[in-house]
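The structure under discussion appears below in the form of structure tokens.
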Amino acid sequence: MRGRKRLLEAKVTVRRRWLLVCWLMSGAVIVARAVQIQVTQADFWRGEAAGQHRTSVEIAAVRGSVLDRSEVELATSRETFRVSVAPRELRDVEAVTDLLVETLGLDESTVRAATTSSKSWRVLPGTFPPSVRGALDSIRGVYLEPQHRRFYPQGDMARGLLGVVRDDESFGGIEQAYDIVLRGTAGQAVDARDPSGKATPGERVVVERPREGGQVVLTLDVDLQAIGQQALAGAILETEARGGDLLITDPATGDVLAMVSIRDESSNALSAITTPYEPGSTLKPLTVAALLQYELMSLDDVLDTEDGSWTVEGRTIEDVGSENGLMTLARALQISSNVGIAKAAQAMSPAVQYQNLRDFGFGAPTGIGLPGEATGTLRRPERWSRQSAASLAYGYEISVTPLQMAMAYGALANGGLLMEPRLVKEFRDSNGRTATHFPPRVVRRAISTQVAREVADVLVDAVEVGTGTRARLATFKVAGKSGTSRAYSDSLGAYQPGAYFASFVGFFPAEDPQLVVMVKLDRPQGTYYGGSAAAPVTRATMEAVLAARETPIDRRALLDVIRGREVEAPALERNDIWGPLAPRFAELRMDQTSGMVATQNFAAGTSLEGDSPWAQLSDDEGSQGAAGTRGTPGFPSSSSSSGVSARVPDVLGLPARVAVRRLHAAGLRVEWYGSGVVRHVEPMAGSILAPGDTVRVASAREAGDD
């Protein structure tokens, strides 16, 4: 009995000892782990703990602005605010709720759900303008988080050229091409977090401030861009074209002053550099230039256009006009004879013909620096067929972009130099200081000065008495050429029946060219010839440019041109918009204050105040007449003490594009808000302003209407 008891006690003792050992070992492990965590791994776990309560975030830099040549903002970043509420911190829930409803314009139910929430904070929907900061910044429990959104002050103007920014990523145009300049440098901050890991509003420590992006200054002129967009949009509407392109450039510098592309009623396209086409007859002056440059023919050499039909290598080339038979090379270009130009091109070897087209910039990128630029198509002579030389002579078997064609005509206008198109004038840092300046750049000499002058003279005749008469201005000589070419369908693998491109390229004044205007319409309906569909657009554009006060035009040089030709009153013509004004035209003078060319010495008893010469015309004639009278820059729409003034026309209720066109025709600048029907104009209709003053137009959508 005693032995059994002792054995039992021994077993209990062993168990106790083992339990003690286990306790001691467990304690040792706990102590060792505590030492490891609190001593050895202390820094690591401190970081982990801090990470649960704080997080490092990137602060996006304010994106730099894109400006036009006169520093008008085309794209900029505007500050907006996101508003958050911490319900537990509010002292007077009802008062804060009412203030938020009034300041932010939100529904009371939405705001009350946030201010009475059981959560630690709530973010109110939407973003709000800087004006809310003054009312809410000092309210306890309300937090404002600044954000920056990309904004385009000119609306849809040049949007295809500018590109877009979405979710801080740039796509297309200037935004993408110069993202590295505009983006800036991001900063760093530390945000506090709640136990669930969400950032706590209002508890941010900025570690490194972001650096704002630089500015990109373009050669674009916002007034010319607006003029071009309105002219092209009106032409597309009138001709029922699928789309079109319009370019205005400075031939002396290569500056792109306006670049408009419209497709499917949208100006977000950039087909002026991305979509090549066969140019047709607008290429003929370059063929003639090659013949003169290489001394293969002269303008007086006679060609036999036969009966307007010529078969070469099994292909028949035909003329559209009725004039045929013997004619000079100059006359063949004036009337756009396919047969005459194709026959003349036979004097060139394939190597010479190819080199000439390359010298004018075809088959290669222009260097404008925008993404998506097409080079067009110019095959090497070894890949030509027996018909290629004749086809190339009048603009087939080659594809070019509208920009390439504008730069080629720039070489004809400036004395033979092919310029690189200059779209970016300079880069500026965030403080507005010039960082990089881009001067005009000559690519090469395409032809001699003498040849350029001879071809330009023939192009003046082409506008005066040839196929481009509808581009003619009353006061200034225009040199230009129309073109009509068939549209090729990739899906059909052939030319599309009844589909054409109508184009016109011209420069003025011909004696001392300041602007090149290129217009192309894609598949116009009805009358599709370039001389009928595109030339009037060129004319309307030039007239509107002459009417605008703030343009890159050297008006004193224009006045010198007029004086040099001893301008007299234009003869009345049936289709001449100067008709109603011709009897009252006396002489030109330069207004020393405005730099405008104005008129004086009107016929006795003539009053322009309230009785404008074009006020008696119909609505359509009135808009054209007003623009047309400004074939002489600064022709006044009403009298004033200075002799130069403009009356605000009544455009209420008109479509925005029509209203803007009429305001431009009156010599006024336009700030256009929204789109649709015009609901508000400031100053009101009938107000007397100086030419070039700004009129603000708000449309239906801007006013909040459907």
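Remarks
- Those residues of the range 487-520 which are without any contact (Cβ under 8 Å) to a residue 40 or more places away in the chain and among the aromatic types (Phe, Trp, Tyr), in sequence order: 495, 500, 508
- Subset of the range 356-385 (residues that are exposed (fewer than 14 other Cβ atoms within 10 Å of the Cβ) and among the polar types (S, T, N, Q)): 377, 385
- Scanning the range 671-685 for residues that are modelled with pLDDT under 80 and more than 13 Å from residue 655 (Cα to Cα) gives a single hit, 671.
- Count of the range 285-333 residues, restricted to those that are polar (S, T, N, Q), farther than 18 Å from residue 412 by Cβ and surrounded by 13 or more Cβ atoms within 10 Å (Cβ to Cβ), is 4.
- Verdict on residue 545 being in contact (Cβ under 8 Å) with a residue 12 or more places away in the chain and not assigned by TED's automatic domain parsing to the domain that holds residue 449: no
- Cβ-Cβ under 6 Å pairs, at least 6 apart or on other chains, the range 171-185 side on the phi > 0 side of the Ramachandran plot, far side not aromatic (Phe, Trp, Tyr): 172/163; 173/161; 173/162; 173/163; 184/61; 184/211; 184/212; 184/213
- Pairs with Cβ under 8 Å, 6+ apart, first in the range 440-467 and within 18 Å of residue 287 (Cβ to Cβ), second at pLDDT 95 or above and among the aromatic types (Phe, Trp, Tyr): 446/360; 456/507
- Subset of the range 60-76 that is in a loop (DSSP other than H, G, I, E, B) and of a type outside the set (D, E, K, R) - its residue that is farthest from residue 176 (Cα to Cα): 70
- When residue 401 is tested against (1) hydroxyl-bearing (Ser, Thr, Tyr); (2) surrounded by fewer than 17 Cβ atoms within 10 Å (Cβ to Cβ); (3) touching a strand residue (DSSP E or B) at 6+ places or on another chain (Cβ under 9 Å), exactly one condition is not met: (2).
- All positions within the range 438-453 that are farther than 15 Å from residue 254 by Cβ and surrounded by fewer than 17 Cβ atoms within 10 Å (Cβ to Cβ): 448, 449, 450, 453
- Residue check: residue 569 meets all listed conditions (1) modelled with pLDDT of 70 or more; (2) in a loop (DSSP other than H, G, I, E, B); (3) under 20 Å from residue 510 (Cα atoms) but one, namely (1).
- Inspection of the range 256-276 finds a residue satisfying the criterion of being of a type in the set (S, T, N, Q) and in contact with a strand residue (DSSP E or B) (Cβ under 6 Å, 6 or more places away or on another chain).
- The range 367-390 - residue that is of a type in the set (S, T, N, Q) and in contact with a Gly (Cβ under 9 Å, 6 or more places away or on another chain) and, of those, farthest from residue 180 (Cα to Cα): 387
- Residues located in the range 113-123, provided they are in contact with a helix residue (DSSP H, G or I) (Cβ under 6 Å, 6 or more places away or on another chain) and in a loop (DSSP other than H, G, I, E, B): 117
- Elements of type helices (runs of 4 or more DSSP H) in the range 192-305, at least 3 residues being modelled with pLDDT under 95 and assigned by TED's automatic domain parsing to the domain that holds residue 345: 222-239
The values are calculated or read from the model by the stated rules, or taken from the named source; none is laboratory data. Bear in mind that the values here come from a model prediction, so they are computed numbers and not experimental data. Note that each Cβ is placed from the backbone with ideal geometry, even for glycine, and that neighbours are counted across all protein chains shown.
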